[in-house]
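The values are calculated or read from the model by the stated rules, or taken from the named source; none is laboratory data. Note that the coordinates shown come from a computational prediction; the quantities given were computed from them, not determined experimentally. Here the Cβ positions follow ideal geometry from the backbone for every residue, glycine too, while neighbour counts run over all protein chains shown.
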Amino acid sequence: MGIKMPESSSPREPSSPARDDDVSLPDAPVESPSRPNSSNQPGVTLEDLFDDNDQDLEEEILASDAANLPSSPPQTAPSSSEEAIPTTHQEAYSDPNLMLQFYSRLFPFRSLFQWLNHSPKPGPDFANREFALTLPNDAYLRYQSYPTADTLRKDILRHNPSRFEIGPVYTTNPRDRKTLKKSSMFRPLSKEIVFDIDLTDYDDIRTCLVDIALREDFGFEHIIWIYSGRRGVHAWISDKEARELDDDKRKAITGYFEVLKGGVQGGKRVNLKRPLHPHIVRSLDILRPYFQQVLADQEPFKSQAGQDRLLQLLPDKALNEALAKKWASSPDRPSSRKWADIDAMAETGVSKTLNTKALLEAKQDILLEYTYPRLDVEVGKKRIHLLKSPFVVHPGTGRVCVPITAAGDMQRAEAFDPLSVPKVTELLREVDQFGSGEDGENKANGFVEDGVTMRKLSDWEKTSLKPYVELFDAHVKTLLKSEMIRVKRERDDDGVTGSDAMEF
Amino acid sequence: MMRTDTRFDAKRKKVDYKKTQFATATFKEQDYPYRLSFYDVPPTQEISLEEFETWAIDRLRILAEIEACSFRNKSPQETAAHLEPLLKKYLPLSSNSAAAGGIIDQRLRNERRKDHYSHFILRLAFSGTEDLRRRFSRVETMLFKLRFQADDSRERRAFVESLNLHWELVQEEEKRELGEQLLSATPGLRRLEDENWFKVEWTRVPELVEHRTVFVRKGKAYVPMREQTSMVLTEFANRLEKGLELTARALPRLDEDDRLTPILNHLSKNFATPDAGYSESDSALAGAPISAANIDNLSQHFPLCMKHLHSTLRKNNHLKHYGRLQYTLFLKGIGLTLEDCLLFWRQSFKLITDDQFNKEYRYNVRHAYGDVGGDVNRRGRGYAPYSCQKILTEHPPGSGEAHGCPYRHFSVDNLTSMLQATGVHDREVLRGVKEDVEKKRFHIACNRVFDWAHKAEIKKVKDEGTWGPAELETIVHPNTYFKRSYLLRNLGNLPKQDVKMEE
C-alpha cells in the first residue's frame, strides 16, 4: 500500500466554511490526528504517506469549524438525508485529514469491491457501477465508476470525500454515458435492494421483523444490515434475483412492508383491512411485547395532546368520553396505565354501543402505529437510487457505518449497541497504539500466522473495526460462493445461447 | 396458435416464448385450437393485399370503439353490450362449442385467422411510437378481457392450461398446512374448501404482493383462483408490450416493397383519439340567438371552465392569452360568428383603446377563426375548440390565468366555492364532485353537475322518449355541454331538428 500522496492534495485545506454552523472549541480534545511517526511498526511504509504534521496545520484544523453537520448532497440525488445533529460534540469528525487516514488505512476497499462485484475477478457489476462522492467542499460528484478496488481506493484518496454513495450497475460505464448514440441505451441494469429504516431509538426488534419477512416470505438470503451512523439502519439484499428486479417489483416489495400511511398530522395512519395479512399477524406477535417498552420510554399518551390523539384513534364515542373523564382527574397518568384503562373501562360496560371487535382492531392499529418500523419508501423503489456506502464515517457522530448483522443472526442484532460503534478518531488512535501495549509479541511485530506463512496484519485488524469487517467479509464470502455455484449451473443448463434475431 | 409443441416441453427446459416468436418462419397451416390467443406466434401464410387492409380496418374499428367506451367511462357490461353487434359484424370469434360437434371447422378457422392476422398487422402499424404502443396495448388487453370473460368456462380453463404459465396448483396437503394463512390473506373467504390456490413466483403478481392481497412464502405467491383473470390479463399485456417493443426495433429493417407502408400509415393515422372527432356540425344550433350581446345570458349554459373564463373576463375586463384562446375557440364552437366574436372581445376589453385592441388582440381572434395566416390547411376553419381531454392535459394555468379545467386545476375548497357561487348547493352533488376529483375523473365531476343542474329536463326527455341514450352520453367536450344545456332548457322553443350527435 505504498501510495504516495501528492503535496498539493486537498487534505491541506481546512474544513470548509460552507458547512452550516458552528462553533469553535476551546475544549476540543487535543486528540491530534494520528501521527504516523509515533507508530512503531517496523516495515510499514504508511508513514511515508503523510508529511510531517505541521504544528500550524494542527492548530488550524482544531480551530476550524467543528461539528460539521451532514448535509444532503446539493443535487436531488435521492439519497437518505441525515438530520441535523445538535452541535454538542466539538470533535471535527469530518476533518479531512482524519478522513484521509481513515480511507488510507482502515477502509476495507477490497471487501466492498467483492461485495459489489459478486466475484473476485473484476467485472461489469463493479466497473459499470455508479459511485457518487460528496467532496469536502460539499460538491457532489456523480457517475463515477472504477474497474477495480484499487482504482476506487486511489480515487477516494484523491478526492477524500466526506462520504460516498453506491448506485446501480448501468448498461454501460457511467463515465461513458454521454458518448452513447441514444440516451436510452444508458439505463440502470441491476442493484441491490435496499431498505432504509428509521429508528427513533435503536432496537433490534424491527430489524428482526423485516429480516424475517424478507427471508421467509420472499426467499432472500444474502441480507446485511448496516448501521447508518446515527438513527437508522440500511438493509442491503444482494441475491441475484433481487438485484435484477425492475422498479415495479421493488415498488411491490416496498408496498408489502408499508403499514403507516400519511403524514404526521391528521388522522389514523394505520388502516389495515381485516382479516389481517399473515405478515401483519406475524409482525403484531413480534412487536406486541415491545409496545409496553415504547409506552414507558416514549410516554406517547401522557400529555393532553397525546391523550387526545389516542382517543381520536379509538372508535367508540361513549367509551372515549368515559376515559377522558377518568383521565381529567389524573393529569400525569402514565401511558401504560392509560392503555390498560381502555380495556378496563370497556369491561365496565359503560358504553352500550361498544363493538368489542372494532375496539380490538383499533388497538391493534395503534400498536402498529407506534412500533412498526418506518421505512423510507422512496429509498427502495427505484434502481437508480443512491445509498450511502457501508463503512463511511458519519460526519456528525464520527462513527463508522458498520454492519450490524447478516445471515439472519438476530442475536447479534440484539447485542448491537450504537453507542459502542467505533468512532474514526478512536480507530486511528488504536492503530497507532497497536503493539505499544504490553500484550502480545505477535502484535508488536504486526504479523500474524496465516496458515503456513506469516501475514502482515492489515490496519483494521488492529482496531475495533476488526469484528465488523470480519462480519462483512463472511457475508461477502457466502454471497460469492452462491454466485459461483449459480454461474456454474447456468453454464451447464444453457446449451445454446439465445440468438438475438430481430427479424420479425 | 402453435402451442402444441410447448405442452410436451414440460420436462425439458422451458421454452422462451420470445424464441418461438422469432423462430424461422415456416409456411404451414396454422392450427387454432382455441378462440382466445396470446398472439405469441406471428402469421406466416400469404394473404392478399385486400385482406391485409380490410382485416386490419375491421379490427381497428373495434379497437377504436373500445377506446371510446373507456373514455366515456362506460362500465364493462355497457361496453360489452355496445360492442357485441360490432364484433359480430367485424370481428366474430366463435367458441369451439359453437361449431357442430365441437369440431373446429373452416368457419371457425377463418374467424380465428382473421383475428390472428389483423392483430399482427396492427402491431406493425402501432409499434412506431411509445404513445401508439401504449394505446394499442391497452385496448388490445381490453378486447382480450372482454373475450376472456365471455368465454365458455371449460374452454377458458383449457386455454389457460395451454398457456403453460407455470402455475402450480397448491396440493391438498400444503393447503391444509398453510390453511390459516391462506384464509387471512384471502379476504371474503370463509372456508378453505371453497377455494383453490396456485403458486407462482411472486414477481408474476407484483400488484397483489404490493397490496398484501396474497400470501407470500419463500418467494412464491399463493394466488386464489379468482385472481386468475387478472393474472392472465397481466400476462397478456406484458407479452404484448414486449412484442411491440421488439417490433418497434425491427421496423426500420423491414424488407418492404412499398405496398404495405401506405396502408400502415393510414391505419395509424385513423386511430384518432376520441376528442379529435369533433366536427362543426356537432355544435350548430340553428335558430338560436348566438350573438355578442347575448353571451352573458348564454353563459348560464356554459360548463364550469367557460363560466370561469367568462366571469374572470367580466371582472377584470381582460383575459390572458391561453384563456382568450380557449374561450374564443369555444365561442366559435357555439356558433358565434367572427364578426360578433370580435365585437364581443372589443366590448369586453373596455379599458383599452380601439388602437390597442386592433394592434394586440384582433389578429389572434381572426387567426383562431382561420380567417388569416397560419396553416393553409386550416384556412377558413381555424383551430378546433378544445375538448375536455385537451384542456385537462395541456397548459395548466399559472397565476393570473383563468383557463384550464376548474375540476382539475382548482383546489377542492376553491372548486366548492366556485360551484356554490354558480348555484350548485346540493350537498350530495358537491360531495360526489369531491370524490370524482379525488379519483381524478374530472369530466365525470362536470357531468355530475350537469346532470343535477338539468335534472328535471333530462327526466322529461327520458320519460317522453324524445332523446335516446346517444344524446345523453357522457360529455367530453365543452361545446357539447353548451349545446345540450341549451337544448334541454329550450325544449319547446326550437324548431324541430335532428339532435343526433355524431362524434
Which numbered condition B:GLU180 fails, given (1) buried (at least 17 other Cβ atoms within 10 Å of the Cβ); (2) in a helix (DSSP H, G or I): (1)
Per-region count, segment A:219-228, residues more than 14 Å from every other protein chain (Cβ to nearest Cβ) and outside any loop (DSSP other than H, G, I, E, B): 4
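Do you know which residues across segment B:206-216 are buried (at least 21 other Cβ atoms within 10 Å of the Cβ) and within 26 Å of the chain's Cα centre (by Cα)?
So in segment B:206-216, the residues buried (at least 21 other Cβ atoms within 10 Å of the Cβ) come out as B:206, B:208-209, B:212, B:214-216.
Once the filter is applied, which keeps residues that are buried (at least 21 other Cβ atoms within 10 Å of the Cβ) and within 26 Å of the chain's Cα centre (by Cα), segment B:206-216 yields B:PRO206, B:LEU208.
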Flag if A:LYS181 is assigned to a loop (DSSP other than H, G, I, E, B) and of a type in the set (Lys, Arg): yes
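Just one of B:ARG156, B:ARG123 is within 13 Å of another protein chain (Cβ to nearest Cβ), assigned to a helix (DSSP H, G or I), touching a residue at least 60 places away in the same chain (Cβ under 8 Å) and not β-branched (Val, Ile, Thr); which is it? If you could, list the steps in order and put the result at the bottom.
Details: B:ARG156 fails: within 13 Å of another protein chain (Cβ to nearest Cβ).
Only one candidate passes the filter, namely B:ARG123.
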Conditions (1) modelled with pLDDT of 90 or more; (2) under 30 Å from A:GLY306 (Cβ atoms); (3) more than 13 Å from chain B (Cβ to nearest Cβ); number of the one not met by A:ARG231: (1)
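Check whether at least one residue in segment A:268-287 is away from chain B (no Cβ under 14 Å), touching a helix residue (DSSP H, G or I) at 6+ places or on another chain (Cβ under 9 Å) and of a type in the set (Val, Ile, Thr), and report yes or no. Break it down into steps so the answer makes sense when it comes.
Filtering segment A:268-287 for residues away from chain B (no Cβ under 14 Å) gives A:268-269, A:286-287.
From the residues that got through so far, the ones that are touching a helix residue (DSSP H, G or I) at 6+ places or on another chain (Cβ under 9 Å) too are A:268-269, A:286-287.
Next, only the ones that are of a type in the set (Val, Ile, Thr) stay: A:286.
Yes, there is a match, as at least one residue in segment A:268-287 is away from chain B (no Cβ under 14 Å), touching a helix residue (DSSP H, G or I) at 6+ places or on another chain (Cβ under 9 Å) and of a type in the set (Val, Ile, Thr).
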Pairs, first without any contact (Cβ under 8 Å) to a residue 24 or more places away in the chain in segment A:138-160, second surrounded by 16 or more Cβ atoms within 10 Å (Cβ to Cβ) and part of a helix (DSSP H, G or I), C-beta under 8 Å, six or more apart: A:LEU141/A:HIS159; A:TYR146/A:PHE126; A:TYR146/A:ALA127; A:TYR146/A:LEU152; A:TYR146/A:ASP155
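If you go through segment A:125-164 one residue at a time, how many are within 18 Å of A:LEU386 (Cα to Cα) and surrounded by 17 or more Cβ atoms within 10 Å (Cβ to Cβ)?
Going through segment A:125-164 one residue at a time, the tally reaches 21.
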Flag if B:LEU208 is among the aliphatic types (A, V, I, L, M), within 11 Å of chain A (Cβ to nearest Cβ) and either in contact (Cβ under 8 Å) with a residue 24 or more places away in the chain or assigned to a loop (DSSP other than H, G, I, E, B) (or both): no
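Just checking, which of B:THR186, B:THR229 is within 13 Å of chain A (Cβ to nearest Cβ), within 32 Å of the chain's Cα centre (by Cα) and under 24 Å from B:ARG157 (Cβ atoms)? Talk me through it step by step, then tell me what you get.
Working: B:THR229 fails: within 13 Å of chain A (Cβ to nearest Cβ).
Sole residue among the options that is within 13 Å of chain A (Cβ to nearest Cβ), within 32 Å of the chain's Cα centre (by Cα) and under 24 Å from B:ARG157 (Cβ atoms): B:THR186.
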Members of segment A:234-252 that are touching a residue at least 24 places away in the same chain (Cβ under 8 Å), within 14 Å of chain B (Cβ to nearest Cβ) and either part of a helix (DSSP H, G or I) or of a type in the set (S, T, N, Q) (or both): A:LYS240, A:ALA242, A:ARG243, A:ASP247, A:ARG250, A:LYS251
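Quick one: would you say A:GLU216 is without any contact (Cβ under 8 Å) to a residue 40 or more places away in the chain and at the interface with chain B (Cβ under 9 Å from one of its Cβ atoms)? So that I can check it myself, show each step before the final result.
Values: without any contact (Cβ under 8 Å) to a residue 40 or more places away in the chain: yes; at the interface with chain B (Cβ under 9 Å from one of its Cβ atoms): yes.
So A:GLU216 passes the test.
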Any hit, segment A:440-460, residues being surrounded by fewer than 21 Cβ atoms within 10 Å (Cβ to Cβ) and modelled with pLDDT of 85 or more: no
Qualifying position, being at pLDDT 90 or above and either surrounded by fewer than 19 Cβ atoms within 10 Å (Cβ to Cβ) or in a helix (DSSP H, G or I) (or both), among B:LEU285, B:LEU319, B:LEU342: B:LEU342
A:ALA296, sole failed condition from (1) aliphatic (A, V, I, L, M); (2) surrounded by 16 or more Cβ atoms within 10 Å (Cβ to Cβ); (3) in contact with a Ser or Thr (Cβ under 8 Å, 6 or more places away or on another chain): (2)
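Picking from A:VAL259, A:VAL194, A:VAL264, which residue would you name as being at pLDDT 90 or above and within 30 Å of A:LEU360 (Cα to Cα)? Show your work before the answer.
Numbers: A:VAL194 fails: within 30 Å of A:LEU360 (Cα to Cα); A:VAL264 fails: at pLDDT 90 or above.
Result of the check over A:VAL259, A:VAL194, A:VAL264: A:VAL259.
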Given (1) surrounded by fewer than 20 Cβ atoms within 10 Å (Cβ to Cβ); (2) closer than 27 Å to B:LYS320 by Cα, number of the condition B:ALA445 does not satisfy: (1)
Options B:ALA456, B:ALA421: the member that is farther than 30 Å from B:TYR322 by Cα, at pLDDT 90 or above and either of a type in the set (A, V, I, L, M) or surrounded by 15 or more Cβ atoms within 10 Å (Cβ to Cβ) (or both): B:ALA456
Pick from segment A:183-202, criterion under 14 Å from the mean Cα position of the chain (by Cα) and either within 20 Å of A:ASP285 (Cβ to Cβ) or not hydroxyl-bearing (Ser, Thr, Tyr) (or both), ranking: farthest from the other protein chains (Cβ to nearest Cβ): A:LEU199
Candidate set: segment B:161-174, residues that are buried (at least 16 other Cβ atoms within 10 Å of the Cβ) and in contact with a strand residue (DSSP E or B) (Cβ under 7 Å, 6 or more places away or on another chain); chosen: the one modelled with the lowest pLDDT: B:TRP167
From A:ARG337, A:ARG288, A:ARG243, A:ARG274, residue being within 25 Å of B:SER184 (Cβ to Cβ), at pLDDT 90 or above and among the basic types (Lys, Arg): A:ARG288
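Mind checking whether some residue in segment B:442-450 is in contact with a Phe, Trp or Tyr (Cβ under 7 Å, 6 or more places away or on another chain) and free of Cβ contacts under 8 Å to residues at least 40 places away in the same chain? Spell out the reasoning first.
Taking segment B:442-450 as the starting set, the residues that turn out to be in contact with a Phe, Trp or Tyr (Cβ under 7 Å, 6 or more places away or on another chain) are B:442, B:445-446, B:450.
Now restrict to residues that are free of Cβ contacts under 8 Å to residues at least 40 places away in the same chain: B:445.
Within segment B:442-450 (the criterion being in contact with a Phe, Trp or Tyr (Cβ under 7 Å, 6 or more places away or on another chain) and free of Cβ contacts under 8 Å to residues at least 40 places away in the same chain), the answer is yes, since at least one residue qualifies.
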Of residues in segment B:112-140 being surrounded by fewer than 20 Cβ atoms within 10 Å (Cβ to Cβ) and farther than 17 Å from B:VAL41 by Cα, the one modelled with the highest pLDDT: B:ARG138
